[in-house]
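Just below is one structure, and these are the notes that go with it.
The values are calculated or read from the model by the stated rules, or taken from the named source; none is laboratory data. All of these numbers come straight from a predicted model, not from anything done at the bench. All Cβ positions, even for glycine, are placed from backbone atoms using ideal geometry, and neighbour counts span all protein chains on display. Note: areas computed on protein heavy atoms with side chains; ligands, DNA, RNA excluded. Shrake-Rupley method; radii C 1.70, N 1.55, O 1.52, S 1.80 Å.
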Amino acid sequence: MSLNDTVSAERIHIGFFGLRNAGKSSLVNKITNQEMSLVSDIKGTTTDPVKKSMELLPLGPVTIIDTPGFDDYGPLGELRVKRTKKMLNICDISILVTENLKLTEEEIELLNVIKDKNIPYLIVHNKMDLLGSIPNNLDNEIYISTNNNIGIEELKIAIGKLNPNKKEIHFISDFVKEGDTVILVTPIDSSAPKGRMILPEQLAIRDLLDKNAIALVTQVETLKATLDNLKNKPVMVVTDSQAFSSVMKIVPIDLPLTSFSILMARY
Ligand SMILES: Nc1nc2c(ncn2[C@@H]2O[C@H](COP(=O)(O)OP(=O)(O)OP(=O)(O)O)[C@@H](O)[C@H]2O)c(=O)[nH]1
Ligand SMILES: [Mg+2]
């Protein structure tokens with residue numbers, strides 16, 4: 001991962017849902033400007049979710065997710081809803097793609113799942129080239145033709161206007177108050193990239209500084225001296241997990257200790 005990569009948790013996830021053959025993959029390919037998903041007139045072409053990261057202004061870094069048709073999970077309605085809910089759980093915005101002017105019963109079922117989750121959504125009526133004329137867009141209903149490149153820019157603008165359901169995710173700062181001191185123990189050994197800090201350390205330092213907390217970076221060998229020299233007690237020590245057992249012996253029992261991997265896992 002390069003220094004400028006946005007971690008997945010910080011990206012806005014936009015899922016494209018709908019029945020088989022509605023044109024979800026065609027539309028996702030058009031929006032990302034890449035042939036990321038296979039397109040065909042055979043129903044059920046997409047069998048697993050396909051993800052692609054891109055920049056979508058004004059939202060910024062987003063992950064676009066193409067999903068299998070909602071009617072592709074057999075007659076077992078429960079399984080179908082369960083799998084869709086699982087995918088919706090990672091989405092901050094959802095786009096319901098339909099090839100119909102009026103939603104079918106299955107599409108309404110899908111829309112209700114989206115509404116139940118309170119995820120901002122748009123209904124995109126695709127293949128409007130097959131109609132004589134293309135209807136005017138409504139508040140959250142957009143009429144497009146992916147194959148004829150009609151309405152795609154309008155759709156991107158409408159997506160940009162949605163207010164994504166993004167929860168603010170903190171790397172560490174939800175554990176600390178302004179002015180608190182946190183000690184970060186980062187061994188400089190053969191596993192550390194030469195001349196650089198690893199990503200969890202960068203995330204921790206930036207997040208603590210954003211909170212106006214104090215990030216004190218030290219090594220295992222200098223940890224005791226760092227603790228002894230502090231006038232005010234730190235609120236937490238975060239260590240590289242490989243040094244956990246050595247660090248545990250130095251950190252007083254009443255001082256909370258965790259590792260970068262644990263913070264990363266909840267991020
Ligand atoms: N006429 C017309 N056909 C379209 C349009 N968009 C997609 N199609 C066609 O619809 C068919 C299905 O497209 P896909 O993008 O594979 O549909 P999908 O929703 O991803 O389908 P599954 O992966 O099976 O769920 C293909 O033959 C596309 O060429 C459109 O705007 N107009
Ligand atoms: Mg598909």
field: Sole residue being more than 16 Å from ligand 2 (Cβ to nearest atom), among the basic types (Lys, Arg) and not assigned by TED's automatic domain parsing to the domain that holds ASP92, chosen from LYS117, LYS177
entry: LYS177
task: Please indicate, with yes or no, whether at least one residue in the stretch 242-250 is open to solvent by 50 Å² or more (accessible area, probe 1.4 Å), in contact (Cβ under 8 Å) with a residue 60 or more places away in the chain and assigned to a helix (DSSP H, G or I).
output: no
message: Given the options LEU216, LEU199, LEU223, name the one that is under 15 Å from MET264 (Cβ atoms) and open to solvent by less than 80 Å² (accessible area, probe 1.4 Å).
response: LEU199
message: Given the condition surrounded by 12 or more Cβ atoms within 10 Å (Cβ to Cβ) and within 12 Å of ligand 2 (Cβ to nearest atom), answer yes or no: does some residue in the stretch 55-64 qualify?
response: no
message: I'd like the full set of residues that are open to solvent by 30 Å² or more (accessible area, probe 1.4 Å) and closer than 10 Å to THR181 by Cα, limited to the stretch 226-241.
response: LEU230, ASN232, LYS233, VAL235
task: Among what's in the stretch 1-18 and is modelled with pLDDT under 95 and hydrophobic (A, V, I, L, M, F, W, C), pick the residue that is nearest to LEU88 (Cα to Cα).
output: ILE12
message: Give all pairs with beta carbons closer than 8 Å in which a residue from the stretch 40-67 that is free of Cβ contacts under 8 Å to residues at least 12 places away in the same chain meets a residue that is open to solvent by 40 Å² or more (accessible area, probe 1.4 Å) and more than 10 Å from ligand 1 (Cβ to nearest atom); count only pairs at least 6 apart in sequence or on separate chains.
response: none
message: If a residue must be touching a residue at least 60 places away in the same chain (Cβ under 8 Å), in a helix (DSSP H, G or I) and farther than 14 Å from LYS127 by Cα, how many such residues does the stretch 6-39 contain?
response: 3
message: Which condition from (1) crowded, with 16+ Cβ neighbours inside 10 Å; (2) more than 16 Å from ligand 1 (Cβ to nearest atom) is the one that THR45 breaks?
response: (2)
message: I want to confirm something. Restricting to the stretch 129-162 and keeping residues that are hydroxyl-bearing (Ser, Thr, Tyr) and surrounded by 12 or more Cβ atoms within 10 Å (Cβ to Cβ), which single residue is nearest to ligand 2 (Cβ to nearest atom)?
response: THR146
query: If you check GLU201 against the conditions, is it outside any loop (DSSP other than H, G, I, E, B) and either among the charged types (D, E, K, R) or in the same structural domain as PHE244 (by TED's automatic domain parsing) (or both)?
result: yes
task: Mind listing whichever residues of the stretch 125-142 are closer than 20 Å to ILE64 by Cα and within 11 Å of ligand 1 (Cβ to nearest atom)?
output: HIS125, ASN126
